[in-house]
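The values are calculated or read from the model by the stated rules, or taken from the named source; none is laboratory data. Quantities reported herein were computed from a predicted structural model and do not represent experimental measurements. All Cβ positions, even for glycine, are placed from backbone atoms using ideal geometry, and neighbour counts span all protein chains on display.
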Amino acid sequence: MALELDDDSAAASAAPRRAARSWLQWSSARIGAQDRILFTERLSLLLETGVPLHGALKSLYEQTVNPRLQDIIAEMLDDIVAGRRFSEALVRHPDLFPTTYINLIAASEAGGFLPQVLDQLVDMDEKQEKLRSTLVSALSYPAFLIVFSVAVVVFILMFVFPKFSVLFASIYNELPVTTKILIAASDLLTKHVTEVLAGLGGLIAAVMLLLRRPATLLALDRLKLRVPVIRDIYAKIYLTRLMRVMGISLERGVTILATLAACREVVPNAEFQQFLLQLETEVTEGKGIAEGFKHSYFIPVSVRQMISTGEETGTLGRVMGRIADFYDRELTKQLNQMARLAEPVMLLVMGVLVGTIVSSLILPIFKLSRAVH
């Protein structure tokens, strides 16, 4: 068994096994949040059963199928053998272990409660993954309807309308406006398809270049927290992440300043990160964290009051955990409601679109039949 291997032999065997892997095998195996959750959960279970850290990592190294994750665990083993702390070994892999994760591990090593923190980290990652899954499921069906509608329209314009445009040539001046527009669009797609594709590709490239500009990203981040309906959703997403991380960190002895610094990576929004910097300034000046929450326009009044109460009673970490759970439920409910509302709206839009196209074909045909009779 992996737990019975000699410590030095396991560490020594890691290097040749890593070198034997091909570059293609290493690059094809991706790692992400699910790998971190599985690693953390197994490590917590092994530590709770009394296995020492090095022995637990050895066991995980032997059991891991993902070659990239196995390489990371092997490097951790090397660091532990070299006398480094577990949190110091994690620092070398920022793509898999965020700053918040590392800070909590460092605090748990100092306090002697590593298994408990690992359980909380698993719970936090699972809730964030559940929230991400809810977002994807809420947007997937409307996105599918949009793509399907565009594909149907393009098919009709390229393969159906060209056959009717010749038929309608004799009564072109009597055609409805919608029919004339669709015939023009059909001619554009069929006769200038290369130019259309080139223009579309250029537009996509221009948009991608524009989105890489810091000024554009900052403007988009501001819009996310200023447009009424969008602001409500993004504010809840950001607050859920922030409150969950801060709640766990503060309950486990991480200082407020270290927690705020780590939280800058949790929320990928420049406007929200400015808010966190302001919080750090308020705390550094001795004003307290509740004072910083009072000055932000996108923080709900109830959150400000609960943060103030938690700071006064010394239960700030617990209060933030409660806020995270509350907004997690509220956000899930709101996203599900929006998804249910989007379905009939998109079906209505598709119905109007199809009805417009059908009427643009049928009305001219009726005119032609009357002209023949």
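Selection of the range 100-140 for residues being of a type in the set (A, V, I, L, M, F, W, C) and in contact with a Ser or Thr (Cβ under 7 Å, 6 or more places away or on another chain) yields I102, L104, I105, A106, L114, V117, L118, L121, V122, L131.
With respect to the conditions (1) closer than 19 Å to V319 by Cα; (2) over 18 Å from the mean Cα position of the chain (by Cα), M243 falls short on a single one, namely (2). For the range 154-165, the criterion of being assigned by TED's automatic domain parsing to the domain that holds S369, over 24 Å from L368 (Cβ atoms) and surrounded by 11 or more Cβ atoms within 10 Å (Cβ to Cβ) is met by at least one residue. Hey, does the range 324-346 have a residue that's among the β-branched types (V, I, T), in a helix (DSSP H, G or I) and within 26 Å of Y234 (Cα to Cα)? For the range 324-346, residues among the β-branched types (V, I, T), in a helix (DSSP H, G or I) and within 26 Å of Y234 (Cα to Cα): present.
Note on the range 33-85: enclosed helices (runs of 4 or more DSSP H) holding 3 or more residues that are under 18 Å from E126 (Cβ atoms) and either assigned by TED's automatic domain parsing to the domain that holds L118 or out of contact with any Phe, Trp or Tyr (no Cβ under 8 Å at 6 or more places or on another chain) (or both) are 33-48. Taking S302 as the residue in question, decide whether it is in contact (Cβ under 8 Å) with a residue 60 or more places away in the chain and of a type in the set (S, T, Y). Answer is no for this residue.
Restricting the range 191-240 to residues that are within 24 Å of K127 (Cβ to Cβ) and among the basic types (K, R) leaves a set whose member that is farthest from the chain's Cα centre (by Cα) is R231.
Cβ separations smaller than 9 Å between residues 6+ apart or across chains give the following pairs from the range 341-362 residues that are closer than 18 Å to F155 by Cα to residues that are of a type in the set (G, A, S) and part of a helix (DSSP H, G or I): V349/S149; M350/S149; L353/S149; V354/S149. The set of residues in the range 245-265 being over 25 Å from G112 (Cα atoms) and crowded, with 20+ Cβ neighbours inside 10 Å is empty.
The residue that is nearest to the chain's Cα centre (by Cα), among those in the range 62-74 that are without any contact (Cβ under 8 Å) to a residue 60 or more places away in the chain and within 22 Å of A106 (Cβ to Cβ), is L69.
When L203, L182, L209 are screened for being surrounded by 11 or more Cβ atoms within 10 Å (Cβ to Cβ) and in the same structural domain as V354 (by TED's automatic domain parsing), only L182 passes. Across the range 246-284, the qualifying residues are those that are closer than 22 Å to D95 by Cα and not in a helix (DSSP H, G or I), and the one among them that is farthest from the chain's Cα centre (by Cα) is V254.
Counting only helices (runs of 4 or more DSSP H) that fall entirely inside the range 170-242 and contain at least 1 residues that are closer than 24 Å to L361 by Cα, the qualifying elements are 177-191, 193-211. Looking at the range 318-332 only, could you name the residues that are out of contact with any Lys or Arg (no Cβ under 8 Å at 6 or more places or on another chain) and closer than 15 Å to S249 by Cα? Hits for the range 318-332 are R318, V319, R322, I323.
Condition check for R213 on (1) modelled with pLDDT of 85 or more; (2) over 30 Å from Q274 (Cβ atoms): one failure, at (2).
Suppose the filter is assigned to a helix (DSSP H, G or I), modelled with pLDDT of 85 or more, hydroxyl-bearing (S, T, Y) and over 30 Å from L139 (Cβ atoms); does S360 pass it? For S360, the condition - assigned to a helix (DSSP H, G or I), modelled with pLDDT of 85 or more, hydroxyl-bearing (S, T, Y) and over 30 Å from L139 (Cβ atoms) - is not met.
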